[in-house]
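Q: Quick one: structure below, then a few questions.
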Amino acid sequence: MSRILPLPDLLISQIAAGEVVERPASVLKELLENSIDAGAREISVQLMAGGVRSLRVADDGGGIAAADLPLALARHATSKITSLEDLEQVDSLGFRGEALASIVSVARLQITSRQQDAPHAFRIDGQLLSVTPAALDAGTAVEVSDLYYNTPARRKFLKTEQTEFAHCDEIFRRIALARPAVALQLQHNGTLKHRLTAGDLPQRITALLGEEFVAQARAISVDAGTLRLIGFAALPAYSRASRDAQYFYVNGRFVRDKLLSHAARQAYEDVLHGQRHPAYALFLELDPGEVDVNVHPAKIEVRFRDARAIHQFVFHAVQRALATSASHAEPIRASAAGAFASNAMPAMPRFQSGLSVEQPVAAYLDSMRLDNSRPATTFADAPTSPLGYALAQLHGIYILAQNAAGLVLVDMHAAHERILYEKLKNALEGAPATQQLLIPALLHLSAQEMATAQEQIATLRLLGFDTGAAGPQELVVRSVPELLANAPLPDLLRGLLAEFKEFPASEVITARRNELLSTMACHGAVRAHRALSVPEMNALLREMENTERSGQCNHGRPTWTQFSIADLDKLFSRGR
Ligand code: ADP
Ligand code: MG
């Protein structure tokens, strides 16, 4: 064993940088937050090569005194708190005084700053720590270049320029969304990507999330003493295949918090399909003393003193907002099935009208690979088939069937999803059969989705999707897995790209295998409200009998339930 020695300062910062400076986007986050803390009304960002080559943030905020410039780069030096009491009431985005020190330990950095009353600006070079006179109007400009120039091992973790830019873009949007009064612009490689003028929240949300989002969203504004929730929650019709349109802020800070996303998710429960994700921009405000933001160096997690109360508050606020317009909501599963399964009397189903046949039956049969010409099961066979014989389809969601024991109730989508899952799993053992599209499909993707699609082009091919770039944000799809020939392609691909996002191409198929299969199965499975004929329903029942583990969908929910005659008798207090 070696002797115990204190670590040198530079190394301490480099270790800390591991948590704070994960990639260019995390540098951008820290610099933008500093500008906002400095009271900036206008911020401009310039990135080169995804922010890896250079990243410059200029603001018109309060500036830094020349004498303080070296301190700004020192570890644990901050102008934002001075005591534990301050920490507990912190209302600035920064307070740990370690961001600039971490950045300067893994990149080249220069700060130019001028306070209002200073005769001119000063510049500090992060490596030399020399302070020299410079030219700048009031405010601060921070330039960071050659990220990880001195730590090549970390540089290897950086992804393509496109991906790093996409992450920067997302950080910029997150921060800009919460600061409508601040004008912001973003340039990448000299091209203007965003120009946001100062305005109010609805304007900012429209600029960043689009008119479609706003048109399909309900405004929320609920005050409950020290708690306040404002923002927009999109109606289910605007739901997404991934979580990419979920913006939740606590006291102006973007957070990814399980408690909050769970509360929101639950508010959507009755109206949103299982694989879809709600879209929202929600701003929770509360007494800073009620929430601990000092949980993680990147401050993306928070801890609430009264978690339960916060959960309830958010849940009710969002649910009420959505309920006011339930008649526009896409009618999907309700929780009536749960009541049924626990042997209670079923609640009145809450489906709205408007059942529709989404795709021709032939397409459906094709997607299920069933033989249309096979003679329908005859009623006499029913007792010998475990799942029995179909009687009817209920609200486009359930299949009612009669078997020897009594009544069988099947969740059509969940069951088909399970069958497809198993088929896809088998198909993936080898090379899945693909189907060439007669007319290649063109998908318009976000910058981030496009970057992921290009990185994972080989993975997509292994899954049976032949794709290529047709433009900066256009993906062309030439073939699809045969089993998914009738799945809605845009949703399917977006769902897959969301699964890929965090994984290197080589790992995605192994590490995310089950998620990938689930996503594909869900999109490929017959949708609720598609009318099925009796032979189609029987074919599905037979497939279920022939599929392993068909009793549970991929999410562990049951795919069918048996009600024996005795169960039914009990419902009617009918003695025998
Ligand atoms: P923190 O933000 O946690 O205080 P940082 O390392 O990010 O720590 O910044 C250190 C200090 O540098 C800040 O407390 C602030 O006083 C000063 N500073 C950094 N960026 C700016 C800026 N854009 N405008 C004015 N002051 C800044
Ligand atoms: Mg900071």
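The values are calculated or read from the model by the stated rules, or taken from the named source; none is laboratory data. Note that this is a predicted model, so its numbers are computed, not measured. Cβ placement follows ideal geometry from the backbone for every residue including glycine, while neighbour counts extend to all protein chains displayed.
Q: Name the residues in segment 233-253 that are modelled with pLDDT of 95 or more and among the aromatic types (Phe, Trp, Tyr), would you?
A: Tyr247, Phe248, Tyr249
Q: Then there's this: Determine whether Ala181 is among the small types (Gly, Ala, Ser) and either crowded, with 19+ Cβ neighbours inside 10 Å or under 12 Å from Arg23 (Cβ atoms) (or both).
A: no
Q: Within segment 14-33, how many residues turn out to be farther than 13 Å from Val182 by Cα, crowded, with 19+ Cβ neighbours inside 10 Å and under 26 Å from the mean Cα position of the chain (by Cα)?
A: Residues in segment 14-33 being farther than 13 Å from Val182 by Cα, crowded, with 19+ Cβ neighbours inside 10 Å and under 26 Å from the mean Cα position of the chain (by Cα): 12 in total.
Q: Can you work out which of the residues in segment 90-101 that are under 28 Å from the mean Cα position of the chain (by Cα), small (Gly, Ala, Ser) and crowded, with 20+ Cβ neighbours inside 10 Å is modelled with the lowest pLDDT?
A: Checked segment 90-101; the qualifying residue modelled with the lowest pLDDT is Gly94.
Q: I need the strands (runs of 3 or more DSSP E) fully contained in segment 183-293, keeping only those with at least 3 residues that are in contact (Cβ under 8 Å) with a residue 60 or more places away in the chain.
A: 183-188, 217-224, 227-234, 280-285
Let's see how each residue does on (1) buried (at least 19 other Cβ atoms within 10 Å of the Cβ); (2) within 24 Å of Pro488 (Cα to Cα); (3) not basic (Lys, Arg):
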| site | (1), (2), (3) |
| --- | --- |
| Phe248 | yes, no, yes |
| Gly252 | no, no, yes |
| Arg276 | yes, yes, no |
| Phe283 | yes, no, yes |
| Pro297 | no, no, yes |
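Q: Mind checking which residues of segment 13-32 are under 17 Å from Arg75 (Cα atoms) and within 14 Å of ligand 1 (Cβ to nearest atom)?
A: Ser13, Ala16, Ala17, Glu19, Val20, Val21, Val27, Glu30, Leu31, listed by residue number.
Q: Looking only at residues that are over 35 Å from the mean Cα position of the chain (by Cα) and among the hydrophobic types (A, V, I, L, M, F, W, C) in segment 59-89, which one is nearest to ligand 1 (Cβ to nearest atom)?
A: Of everything passing the filter in segment 59-89, Ile64 is nearest to ligand 1 (Cβ to nearest atom).
Q: Could you tell me how many of the residues in segment 6-24 are within 15 Å of ligand 2 (Cβ to nearest atom) and of a type in the set (A, V, I, L, M)?
A: Looking only at that region, the number is 4.
Q: Restricting attention to segment 94-108, which residues are among the hydrophobic types (A, V, I, L, M, F, W, C) and either out of contact with any helix residue (DSSP H, G or I) (no Cβ under 8 Å at 6 or more places or on another chain) or more than 11 Å from ligand 1 (Cβ to nearest atom) (or both)?
A: The answer is Val106, Ala107.
Q: Still on this structure, please answer the following. Which of (1) modelled with pLDDT under 95; (2) near ligand 1 (Cβ under 8 Å from one of its atoms); (3) surrounded by 16 or more Cβ atoms within 10 Å (Cβ to Cβ) does Val142 not meet, given it meets every other one?
A: (1)
Q: If I ask for residues that are within 16 Å of Leu109 (Cβ to Cβ) and of a type in the set (Val, Ile, Thr), which ones from segment 64-90 would you list?
A: Ile64, the sole residue that qualifies.
Q: For segment 36-63, enumerate the residues that are in a loop (DSSP other than H, G, I, E, B) and either farther than 19 Å from Gln116 by Cβ or within 16 Å of ligand 2 (Cβ to nearest atom) (or both).
A: Scanning segment 36-63 gives Ala38, Gly39, Ala40, Val52, Arg53, Gly61, Gly62, Gly63.
Q: Spot the failing condition for Arg173; the list is (1) in a loop (DSSP other than H, G, I, E, B); (2) in contact with a His (Cβ under 9 Å, 6 or more places away or on another chain); (3) more than 16 Å from ligand 2 (Cβ to nearest atom), and only one is missed.
A: Exception for Arg173: condition (1).
Q: State which residue pairs qualify: first residue within 11 Å of Ile36 (Cα to Cα) and inside segment 50-74, second residue near ligand 1 (Cβ under 8 Å from one of its atoms) and part of a loop (DSSP other than H, G, I, E, B) in any location, beta carbons under 7 Å apart, and separation of 6 or more residues or different chains.
A: These pairs meet every condition: Asp59/Ala38; Asp59/Ala40; Asp60/Ala40; Gly61/Ala38; Gly61/Ala40; Gly62/Ala38.
Q: Just to be sure, is Lys80 in contact with a helix residue (DSSP H, G or I) (Cβ under 7 Å, 6 or more places away or on another chain), modelled with pLDDT under 95 and within 11 Å of ligand 2 (Cβ to nearest atom)?
A: Yes.
Q: For Glu422, state whether it is of a type in the set (Asp, Glu) and either in contact with a helix residue (DSSP H, G or I) (Cβ under 6 Å, 6 or more places away or on another chain) or over 21 Å from Ser518 (Cβ atoms) (or both).
A: Taking the combined requirement at face value, the residue does not satisfy it.
Q: In segment 85-144, what residues are of a type in the set (A, V, I, L, M) and within 14 Å of ligand 2 (Cβ to nearest atom)?
A: Passing the criteria: Val90, Leu93, Ala99, Leu100, Ala101, Ile103, Val104, Leu109, Ile111, Val142, Val144.
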